[in-house]
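Here the structure is laid out as structure tokens; the discussion comes afterwards.
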Amino acid sequence: MPHIEIISASIRTGRQSHRVALFFKKFLEERKLATANILDLKAYNFPLFDERLAHQPNPIPSAKEFSEKIKGANAVIIVTPEYNGGYPASLKNVVDLLYNEWRRKPIAIAACSDGPFGGTQVVTSLQFSLWKIGALTVPARFHAASVQLAYDEQGNPNPKDKELIEKLAAGFVGELLRYVPNS
Ligand SMILES: Cc1cc2nc3c(=O)[nH]c(=O)nc-3n(C[C@H](O)[C@H](O)[C@H](O)COP(=O)(O)O)c2cc1C
């Protein structure tokens, strides 16, 4: 079974998009689509980027562990909020930290917002940075609109939206897995 690392990018106090990371972990595991783990950037609390990991003489253990997790993943789902039309500094911090780990890594973007558009504007800038670094960003996208209402704190979709959310998630994950060899 493939292994997917889910990056939960928001480190904001009172964050809501982490619910979507929890949703995907459960979704992947319950449907036996992949094993899954959440890389929570709030928990990692990385220092602000000062050099790429491979060039650091004494990297912190958590950065090395993060690198190993990305290296070992068959695919990555990035759950990101949209801040002022872009992606958060916490995410750029880890994109720049690694290099080879990202190369040819199948990555799908799940964008979140508290409004009706589900972070449609964040995709372009993130897609561009990931393309620049050599990742394989897949065309599938997932948009979590009104994220604070659509999911509870454990990542369960609101019963009203559940069927649609799960249908969209199945398409999103299915497309990502098509880019994972032998899955
Ligand atoms: C600094 C900041 C900028 C934001 N900019 C946008 C935006 O450009 N578009 C949007 O739809 N929502 C925007 N929002 C609202 C976020 O979509 C909302 O706060 C969402 O819950 C963010 O995810 P988070 O709670 O996990 O941080 C912004 C929120 C913050 C804190």
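None of the figures in this text is laboratory data; all of them are computed from the coordinates on show. Predicted model, so just to flag it, every value in this text is computed and none were measured. Quick reminder, even Gly has a Cβ in these numbers, built from the backbone with ideal geometry, and neighbours come from all protein chains shown.
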At R0 = 22 Å the Cβ-Cβ FRET efficiency linking residue 13 and residue 152, nearest 0.05, sits at 0.70
Would you mind checking 42/105; 42/160; 105/160; 92/160; 69/160; 42/132 for any pair whose Cα atoms are more than 32 angstrom apart? 105/160; 92/160; 69/160
Leaving out same-chain residues fewer than 8 places away, which lysines sit with a Cα under 19 Å from that of residue 32? 162, 167
Per-residue ³J(HN,Hα) for the range 167-175, Karplus 6.51 cos²θ - 1.76 cosθ + 1.60, θ = phi - 60°, Hz, x for Gly and Pro: 5, 5, 5, 5, x, 5, 5, x, 5
With all pairs of different alpha carbon atoms counted, what Kirkwood hydrodynamic radius in Å does the chain show? 16.3 Å
Under the 7 Å Cα-to-Cβ spin-label approximation, residue 92 and residue 178 lie apart by a distance in nanometres of 3.3 nm
